[in-house]
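Comments concern the structure below.
The values are calculated or read from the model by the stated rules, or taken from the named source; none is laboratory data. This one's a predicted model, so the numbers in the text were calculated from it and none came from an experiment. Cβ sites come from the backbone with ideal geometry, for glycine too, and all protein chains shown count toward neighbours. Please note that ligands, DNA and RNA were not included when accessible areas were found on the heavy atoms of the full protein model with its side chains. Shrake-Rupley method; radii C 1.70, N 1.55, O 1.52, S 1.80 Å.
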Amino acid sequence: SNHLTFFIMSNSQAPVNTPNDEAPVKTSLPGIMMTDLGRSPETVKCPYCKKEVQTKTSLEMDLTTIISILGMFILFFPIAWIPCVVPTFKRVNHDCSNCNRKVGETAGCKS
C-alpha cells in the first residue's frame with residue numbers, strides 16, 4: 001500500500017507541458033479578480049462569458065495615486081499634480097472585450 005501511495009504522489013507532481021510552447025491563457029473563477037495582469041492588454045479566458053479575449057484596459061486613480069499626491073505635496077508641493085497625469089501612478093483595469101465585465105486589474109506603481 002505504501003509503494004502505491006508513493007507512485008501516485010510522485011506522478012501527480014509531474015510538470016504539465018502546454019501545446020506548441022505558447023504562453024498559457026490566464027483565467028479565474030467568476031467573482032475572483034485576476035491581479036497583476038500588467039499595464040497593457042492581456043489574453044485571458046473571461047470567467048463570465050467563457051471566451052478567450054484580449055482585454056481592454058483603462059486607467060483609474062486609486063489609493064496609490066492619492067498617497068503619491070500627498071507624498072509629493074509634503075516634499076515639494078508644486079509637483080504634487082504629477083501622479084494625476086503619469087499613467088504609472090494609476091490602477092489599470094482589465095475588461096473583457098466581449099461582455100465588458102471587469103476581469104482583472106494591476107495596482108498603481110506596478111509594472
Net lengthening on full extension, Met61/Ala80 (0.36 nm per residue, minus Cα-Cα): 5.4 nm
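Before anything else, pin down the relative contact order of region 56-111: Cα pairs under 8 Å, at least 6 apart, normalised by residue count, whole percent. If you can, show how the numbers build up before the last one.
Working: 87 pairs, mean separation 21.7, N = 56.
Computed value for region 56-111: 39 percent relative contact order.
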Built amide H within the under 5 Å cut-off of Glu42, gap 5+: Thr55
Rounded Å value of the spacing that divides the Cα centres of region 89-103 and region 46-77: 11 Å
Area accessible to solvent at Lys102, 1.4 Å probe radius, in Å²: 70 Å²
Low-density loop positions, chymotrypsin sites (Phe, Trp or Tyr not before Pro), region 25-111 - DSSP coil, at most 12 other Cβ in 10 Å: Trp81
